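Scroll down for the structure; my scribbles are underneath it.
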Amino acid sequence: MTTPTPAQRQARVNRWITPRIRALSSYQVHDAAGLIKIDFMENPYSWPSAMVEEWLAVLRSVPLNRYPNASAAALKAGLRDKLRVPAEMALLLGNGSDELIQIICLALAGPGRMVLSPSPSFSMYKMIASYTGLGYVGVPLAEDFSLDMPAMRAAIERHQPAVVFLSYPNNPTGNVWDEHELCEIIEAAPGVVVVDEAYQAFADADFMPYLQRYDNLLILRTLSKLGLAGLRLGILIGAANWLDELNKVRLPLNVNVLTEASATFALQHYDVLLAQAAQICADRAVLLAGLQQLPGVTAYPSRANFILFRVATERADEVYEGLKTHGILIRNLSVPGTALAGCLRVTVGTPAENSAFLSAMARVL
Ligand SMILES: *Cc1c(COP(=O)(O)O)cnc(C)c1O
């Protein structure tokens, strides 16, 4: 036996990994070592130290040798209470809401079936649709990032999507779409409409009250943007007849014991998480005003914990790299010739991080 050459190894991969998968690019996470990290919609705050001590005491008694409790009853009760889930609706938990998007796509995939979302929006909708075998249509937003309703109506009519994803507020544009237009989309859609409320805590808007009215509506939430990104807990809320079916493609015991215990604990201190979110909303206003004062910058008002802003298309990469040399990591979303040409996205950090960002911006520009 001779050792395979690199070319032989690659040839075997190319033969068996389908072109659909090979065409994808894996999700990019940038190394933030030594940088102020305001690129990824994380909450910059930790918990008060007394709360950390209490949490550690809870963890001490978690039985790591046991599989998770499949019903997660205490966690679900805490979520029902704090997220104000209507009593007749069911919950499905995921290892982050990304996993729930994948579960929805796996369960609804089939020949010729489509996922539809406005575009630009959260990149995972298209990515997960592609590798679960669904087609994807992105319907361009209007120039001010509002919904292009004639285009949405026409695309729904033409493609009859199995799933429509609506990020509310929208990532990466940060705005909240018109409530009546969203209702019109839910009414027009033949399949499931998932309103993804990852940023609900910063938005003061949600579709929970509409669950009873629409039999095709599901609501997606996450604890990630509330300071628990590392924990990975997503929550899908909707009628049991949908969730019972989706539950069949969920890997059993997908939520681990540390996540279950930690999230249950965090929900008992939900006021701390909400107070941090309120602080972030106040700091967002200061950050927006600071960005709007910079020459050559268009900053868009946001209902989430990040702000999208635009510079001249040919300067976007330079601004991104310049910030990095000043020790600041944000997200560069600029693709020339698209709706996001010249666009970058900054996450609201602590007041000190935000002002370090603004003064680095002033120098880089
Ligand atoms: C961050 C984000 C998610 C993913 O959240 P996780 O629960 O951390 O997987 C889902 N949807 C949108 C729109 C997001 O921005």
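What FRET efficiency, computed as 1/(1 + (r/R0)^6) with R0 = 30 Å and r the Cβ-Cβ distance, is obtained for residue 157 and residue 131, rounded to the nearest 0.05?
0.65
Across the Cα atoms of region 229-365, what radius of gyration and what greatest pairwise Cα-Cα distance (Dmax) are found, in Å?
Expressed in Å, the Cα Rg and Dmax of region 229-365 come to 19.5, 56.
If you stretched the chain out fully between residue 178 and residue 2, how much longer would it get, using 0.36 nm times the residue separation minus the C-alpha to C-alpha distance?
Extra length available between residue 178 and residue 2 comes to 57.0 nm.
Report the longest stretch of the chain that contains none of the GluC sites (Glu not before Pro) sitting in a DSSP loop with at most 11 other Cβ atoms within 10 Å.
My reading of the result: 144-365 is the longest stretch.
Taking 37 °C and 0.692 mPa s as the conditions, I'd like the Stokes-Einstein D for region 1-148 in µm²/s, using the Kirkwood hydrodynamic radius from alpha carbon pairs.
158
Could you work out how much longer the chain between residue 65 and residue 293 gets when fully extended? Use 0.36 nm per residue separation minus the Cα distance between them, nm to one decimal.
Length difference between fully extended and current span is 76.5 nm.
Would you mind working out the magnitude of the charge dipole of the chain relative to its Cα centre, with +1 at each Lys and Arg C-beta and -1 at each Asp and Glu C-beta, to the nearest 20 Debye?
1280
So, in Å, what gap is there between the alpha-carbon centers of region 4-64 and region 272-328?
Rounded to whole Å, the Cα centres lie 24 Å apart.
Quick one: Debye curve from the C-alpha atoms of region 35-96, no solvent, what's log10 I(q)/I(0) at q = 0.14, 0.22, 0.23 Å⁻¹?
Treating every Cα as an identical point scatterer, log10 I(q)/I(0) equals -0.72, -1.12, -1.12.
Spin-label point model (7 Å from Cα, Cβ direction): what's the residue 268 to residue 359 distance in nm?
Going from the residue 268 label point to the residue 359 one covers 4.2 nm.
Of the residues 29, 257, 286, which exhibits the maximal mean-square fluctuation in a Gaussian network model of the chain defined by a 10 Å Cα contact cut-off?
Per the Cα network of the chain with a 10 Å cutoff, 29 tops the list.
Jot down the per residue volume, in cubic angstrom and as a whole number, of the convex hull over the alpha-carbon atoms of region 80-193.
Dividing the Cα hull volume of region 80-193 by its residues yields 118 Å³.
Net charge near residue 44: determine it from the other residues with C-beta under 14 Å of the C-beta of residue 44, scoring Lys and Arg +1 and Asp and Glu -1.
Local charge sum for residue 44: -1.
Above 22 angstrom, tally the Cα pairs of region 1-84 and express them as a % of all pairs, no decimals.
68
Along the three principal axes, how long is the chain when you take its alpha carbons, biggest first, rounded to the nearest angstrom?
Principal-axis extents of the Cα atoms in the chain, largest first: 65, 54, 53 Å.
Residue by residue through region 281-292, what is 3J(HN,Hα) from phi via Karplus (6.51 cos²θ - 1.76 cosθ + 1.60, θ = phi - 60°)? Round to whole Hz and write x for glycine and proline.
My calculation for region 281-292 gives 5, 5, 5, 4, 5, 5, 4, 4, 4, x, 5, 5 Hz in order.
If the only charges are +1 at each Lys and Arg Cβ and -1 at each Asp and Glu Cβ, what is the size of the charge dipole of region 20-115 around the Cα centre, to the nearest 20 debye?
Dipole size: approximately 380 debye.
From Cα coordinates alone, what are the radius of gyration and Dmax values for region 219-276 in angstrom?
12.9, 37
Across 5 Å bins from 0, what is the distribution of all Cα-Cα pair distances for region 166-293, in whole percents?
2, 9, 16, 19, 18, 16, 12, 6, 2, 1, 0
Throughout, read-outs are computed from the coordinates displayed, never taken from laboratory work. Everything numeric in this text was worked out from a predicted model, so none of it was measured. Heads up, the Cβs are rebuilt from the backbone with ideal geometry, glycines too, and the neighbour counts pull from every protein chain shown.
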